[in-house]
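The values are calculated or read from the model by the stated rules, or taken from the named source; none is laboratory data. Note that the structure is a prediction, hence the values are computed from the model and not measured. Ideal geometry is used to build each Cβ from the backbone, glycine not excepted, and the neighbour counts take in all protein chains shown.
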Amino acid sequence: MVFTNVEKAFVGKNVPKFPTNIPFIAVDNFPLLGKLAALRFIEWVADNPEGVISLPTGKTPEYFIEWVKRILAQWDTAEGKEMRESYGLHLEKRPSLSGLHFVQIDEFYPISPDQHNSFYNYVQKYYINGFGLDPNKGLFINSNDILLADGKSYNEVFADGIIDLGLRYREPKNKIEELKQRSIFMIDDWCAEYEEKIRNMGGIGFFLGGIGPDGHIAFNTKGSDPHSTTRLTYTNFETQAAAAGDLGGIEISRHKPVITIGLDTITYNKEAVAIIFAAGEAKAQVVADALEKKPSNLYPASVLTRLPNSRFYITTGAASALKESIYNYYTATPWNQEKSNRAIIDCLYRINKYADKVTVDDLLEDEYCRMIPNLNENTVNEVVKSITDKIEKGTSLWSNEVFYHTGPHHDDIMLGLLPHIHRVSRNETNRSHFAVMTSGFNAVTNTFLINILESTLDFINADRIEMLNYPDFFEKGYAIKKDKDSYHYLIHVASGNEVERKRAFAHRIIRNFIEIWGIKNKEELKDRISEIVSETRNSYDGEKMSAEIRLLKGMIREFEEELVWGFFGIKESNIHHLRLGFYTGDIFTERPNRERDVEPILQQLREIKPTIISLAFDPEGSGPDTHYKVLQAIAEAIREWSKEADLSNVKIWGYRNVWYKFHPAEATHIVPVSLNAMGVFSNAFENCYLSQVDASFPSPKFDGKFSDYARKIWVDQLAYTGNLLGKPFFYQNKSPRLRTTHGLLFFKEMTANEFLQQARELEKSIGG
């Protein structure tokens, strides 16, 4: 393996001990990953000023784009020279990007190139204009350039919005199907010509791409032919879920075909530099599959074994499932109980043996268990004791605590901690506050908004909104008794009266309209609602709406949050909507800053003075980037608060939900979850988070409700721990609560100092 000068600067002396099918370089964090990719790209461009490049779209290349622009802009500065020298970029002359040829990797079909969420638009904005590339030297996938049969438009040919690719292989049944078939063949011809143009240029010389949750590169999903070329195809659920953020929701991406270059397209030029980059522990398994398993169409990225210059650039989180990382976990630092717990639990699960049946010989056959110091007959019992201690902590009673539960979005707290929160909130000596950090407007679909507004208009027209007739309602009445809306709604959850539930929701929508637009009377209200319905209906899916409509969508989610906690008797005054300003809904959200995003949290810490703070503790790159940015903002607020107050007795509870999971070895508290708790959880979620019952941005790992997935995680966590504890531990337990256990919830408790040590400083998250 031969690394370039730039790569050597990042590898250092940490050459992997365990060989992989494709060389990899692991770095500490997402920004540094972008810097590595940017430096290697510029290094390659210097040697190939007229080469053919193909660069990724979506959120993944955010830091790559930033670093390319920063490096080139600072080229002649002292800072720029020092940085290049320290990272092995030994170039005096600033490379020009204008001579490069660009190949667009993929695109949804059809999609207007004018839409901000089209990949064509992305390429033009961030690469052609952003990097100063020559548009005349680019190959682009523009839906408008693809001709269809008889000169007809897409809507004329595929009026039902469905492209039946089976028409490639069967005779059409009627004239409409014959028109569709000819059009599909014309699209196929366009794809073949696109492929030919790439090959006539000598193929792609520098390929940079991400890897999807199923291991896809470009839109070559699991099972793709290793010799595939540019084509029109459909994707799988994992890919559709990952693409939902680009298209405005799974309901769009689920039915949208794509045009993608093929695996053979990427590997056609045998001298090509092909780099896959991945960040976060959520990508760890697909990375390990691609790098360590036999090349197969089950692992699309494994096709890069054909190229001697292929690489994986990954974060330490994305590398965590590699043999190298697992070995380092067990050997790089002194042994502790957590390592014993992990090794034993994982071993028992793999060999499917209960703890009371396992032998020392079984453990000695496991490559990690045999590392346990002084391994003996009592080792498993020590692990059992460690885990049961965590269960005891998870069932402890809490009194006289002030809880400050935080969530990046409206539903994160519930998905992460509800069964435990429900129990501790019953103790009247405890005081609970709930703070949602962002407005989360992206998660409210246009369809949902239109339906709720039309329902509201129907109630107004039927004179079913009595408060509109109060004399001072439009001046000040609209702003009071908001908690009545929640009670009205929830009492009719109990009664099963769906009409009255909708009317209660309409009450809150009306209050929101008056607050946002300053409406003065009923007629103005009706007109404005009709205007917003019309504007929304005429917007494309995923379009960035006006600030007022984004605010309205966010307020819908805020009402849902109030409903959920009202379900458990929490006062509206204890539910806080911070609407941190870094959350903009753009493809690249801003980084948190102190004045705008940290100060509001700090002010609440000062006022509430919590003794326990809960927060989403997802590793970087493991879920929506909002989660990690919120984590950094909270960490900075706690860091500032620690300068003013004694936090030695403050506890931090890190939870995870549908985006990433704790291993039982790293959790400090294990909370038993009963069927009753699961039922309450599902009831509350489905009745209160109406906009999320059919989530627009689902987890790629589960096709269904977030509430169903959270329940599945709890059940799976019980199963994973079950071989250690044995089934009788629960159903024969002397504790009634433990006898009802059918799932386990994990969280990690830290001191304020421990948390701050684990959370990267805000400056580092920005600077990389």
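Descriptive notes on the structure:
- Looking only at region 57-86, and only at residues there that are closer than 23 Å to G280 by Cβ and either of a type in the set (F, W, Y) or outside the structural domain of D134 (by TED's automatic domain parsing) (or both), the one that is farthest from the chain's Cα centre (by Cα): W67
Results for (1) under 26 Å from the mean Cα position of the chain (by Cα); (2) within 18 Å of K502 (Cβ to Cβ); (3) surrounded by 15 or more Cβ atoms within 10 Å (Cβ to Cβ), shown as yes or no for each residue.
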position	(1), (2), (3)
K520	no, no, no
I529	no, yes, yes
Y540	yes, no, yes
A547	yes, no, no
L552	yes, yes, yes
E561	yes, no, yes
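- Residue within region 692-699 that is assigned to a helix (DSSP H, G or I) and either out of contact with any helix residue (DSSP H, G or I) (no Cβ under 6 Å at 6 or more places or on another chain) or modelled with pLDDT of 95 or more (or both) present: yes
- Some residue of region 222-230 being under 22 Å from the mean Cα position of the chain (by Cα) and in the same structural domain as W44 (by TED's automatic domain parsing): yes
- Answer residue from region 66-99, given it is in a loop (DSSP other than H, G, I, E, B) and in contact (Cβ under 8 Å) with a residue 60 or more places away in the chain and is farthest from F10 (Cα to Cα) among those: H90
- Residue that is among the charged types (D, E, K, R) and under 24 Å from I587 (Cα atoms), where the choices are K17, K8, K59, K13: K59
- Only listed residue being within 18 Å of E686 (Cβ to Cβ), touching a Lys or Arg at 6+ places or on another chain (Cβ under 7 Å) and not acidic (D, E), chosen from H422, H492: H492
- Residue in region 30-56 that is nearest to the chain's Cα centre (by Cα), counting only those that are assigned to a loop (DSSP other than H, G, I, E, B) and not hydrophobic (A, V, I, L, M, F, W, C): P56
- Flag if A635 is over 16 Å from the mean Cα position of the chain (by Cα) and under 25 Å from S320 (Cβ atoms): yes
- Within this structure, D483 passes the test of being under 34 Å from the mean Cα position of the chain (by Cα), assigned to a helix (DSSP H, G or I), of a type outside the set (V, I, T) and more than 30 Å from K256 (Cβ to Cβ).
- Complete set of residues in region 106-155 that are in a helix (DSSP H, G or I) and among the small types (G, A, S): S143, A149, G151
- Only one of K609, K661 that is over 22 Å from the mean Cα position of the chain (by Cα) and either closer than 24 Å to I575 by Cα or modelled with pLDDT under 95 (or both): K609
- Only one entry in N446, N451, N469 is under 30 Å from the mean Cα position of the chain (by Cα) and either more than 24 Å from G566 (Cβ to Cβ) or of a type in the set (G, A, S) (or both), namely N446.
- Residues satisfying the stated conditions in region 708-743, i.e. of a type in the set (A, V, I, L, M, F, W, C) and closer than 27 Å to T359 by Cβ: L718, A719, L724, L725, F729, F730
- Flag for L363 being over 30 Å from T429 (Cα atoms) and in contact (Cβ under 8 Å) with a residue 60 or more places away in the chain: no
- Only listed residue being at negative phi, without any contact (Cβ under 8 Å) to a residue 40 or more places away in the chain and crowded, with 21+ Cβ neighbours inside 10 Å, chosen from A637, A667, A633, A616: A637
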